[in-house]
Structure formats: C-alpha cells, structure tokens
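**Student:** Here it is, the structure in full.
Since every read-out is calculated from the coordinates, none of them should be taken as a lab result. Please read these numbers as outputs of a predicted model, since none were measured by experiment. For neighbour counting, all protein chains shown are included, and Cβ atoms are generated from backbone atoms with ideal geometry for every residue, glycine included.
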Amino acid sequence: MMVMERINQIFILMIILVPAVILAGCATPTPAATPTPVVTPSPAPTAASPSPAAASGDQLALQIGGKVSHPANYTLSELRSYPSFNASVLFKDNNTYDLNGVSLNRLLDDAGVAADATAIDLIASDGYRETVNLSDVRASRDAMVHIGGGLPICCASDNLKDNELKAILPGMPFPTWASHLIAIEVK
C-alpha cells in the first residue's frame with residue numbers, strides 16, 4: 001500500500017509540475033532577434049574602403065560585404081561626402097518626386113563586386129531582407145541610397161529619420177526599396 005501511495009503522489013506531482021514548467025517558459029517571451037549582417041572588416045582606409053566608424057566618432061550607417069574585394073563600413077558622414085545626384089522617381093502613389101542620393105552602383109563599384117556575383121541582399125535594421133538581381137541594379141542608372149527624410153507623403157509610413165537610409169530602385173517593385181537599410185550583401 002505504501003508503494004501505491006508513493007506512486008500516486010509522484011503522479012499528482014507530475015500533473016502539477018509539467019504544465020507549470022511549460023507555462024513558465026511561455027510567460028517570459030524572448031525578444032525577437034534582429035539579424036546582424038556578417039561583413040568582413042574593412043582594410044586600412046582608402047577611397048574605396050572608408051575608415052571604420054570608431055575612428056571618426058560617427059555612427060556606422062551601411063556595410064557592404066559578401067562577394068566583394070573591398071568590404072566597406074560607411075558612416076553617415078562618409079556617405080554624405082560621396083557625390084550625390086538628383087533623380088525624378090515615380091513612387092507607388094503614381095506621382096513623380098525629385099530625390100537626392102548616393103549612386104548605389106558607385107558604392108558597389110567601390111566595393112569591387114566579384115565577376116560571378118548575381119544578386120544583392122538589401123538588409124534593413126528590423127531584419128527585413130530583399131534579394132534583387134544585380135543585373136537589374138546595374139541597369140538602373142538612378143538606383144540610389146537615399147539618406148533620411150525628404151520622402152514623399154506616400155512613403156511617410158517608412159518613418160525614415162535623418163540618419164537612416166532607404167534603397168531607391170526606380171523601375172523595380174516597391175518591396176525592393178528597403179527602408180532603414182543597414183547592409184548590402186553581394187551574392
């Protein structure tokens with residue numbers, strides 16, 4: 001009889017503890033992990049590979065890596081010092097707006113894209129990742145990295161701040177226009 005009572009106690013204890021352990025695991029959600037792009041560190045500063053953010057005291061804004069010969073880590077100041085251009089761009093509200101930005105193709109040229117590269121991943125700070133054919137980017141002379149603010153009202157939902165980037169890819173589907181851009185991985 002003692003053995004049966006002991007088995008019943010263990011059984012009742014298991015019935016109580018197992019759901020309690022399961023519920024305890026559900027009660028404390030883990031924060032969503034934001035993917036961090038893996039980019040090889042840049043070599044010594046040159047025109048094609050800007051200085052690390054720590055050296056200038058400026059915040060790192062954009063990394064370019066993957067199949068490139070000169071991976072780059074750009075600060076906002078470095079991107080703003082790049083030659084920029086204006087382009088009339090048709091937006092999703094079917095209106096044309098004049099935007100200013102740095103040539104995406106120039107940034108890719110400076111990074112030294114490998115001859116066998118076929119695509120780029122545009123990676124946003126919230127983990128959004130969009131793959132775009134490299135040939136489509138190369139064919140767009142107006143593909144740009146727009147630096148913060150000044151977007152038309154149709155894009156107000158982007159909530160782009162002055163220190164954030166957006167890929168503008170005229171002629172390509174709007175989901176490829178990654179907001180809050182932090183990295184470009186050449187594939």
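**Student:** Taking amide H positions as placed 1.01 Å from N in the peptide plane, with prolines and chain starts having none, which residues 5 or more places from V89, or on another chain, fall under 5 Å of its amide H?
**Tutor:** Excluding prolines and chain starts, which carry no amide H, the hits are Y97, D98, L99.
**Student:** Sticking with this one: Where in region 106-123 does the amide nitrogen come within less than 14 Å of the point 7 Å from the Cα of S135, taken along Cα to Cβ?
**Tutor:** 116-120
**Student:** Then there is this: Amide H of V113 versus every other amide H placed in the peptide plane: which residues, excluding those fewer than 5 positions away on the same chain, fall under 5 Å?
**Tutor:** Hits under the 5 Å cutoff: S69.
**Student:** Still on this structure: Provide the per-residue ³J(HN,Hα) series for region 94-106, in order, calculated from phi with Karplus coefficients 6.51, -1.76, 1.60 and θ = phi - 60°, each as a whole number of Hz, with x at glycine and proline positions.
**Tutor:** Computed from phi, the couplings for region 94-106 are 6, 10, 9, 10, 8, 10, 10, x, 9, 4, 5, 5, 5 Hz.
**Student:** For region 73-82, just list the computed ³J(HN,Hα) in residue order, Karplus coefficients 6.51, -1.76 and 1.60, θ = phi - 60°, integers in Hz, with x standing in for Gly and Pro.
**Tutor:** The phi angles translate into 10, 9, 8, 4, 4, 5, 5, 5, 7, 5 Hz.
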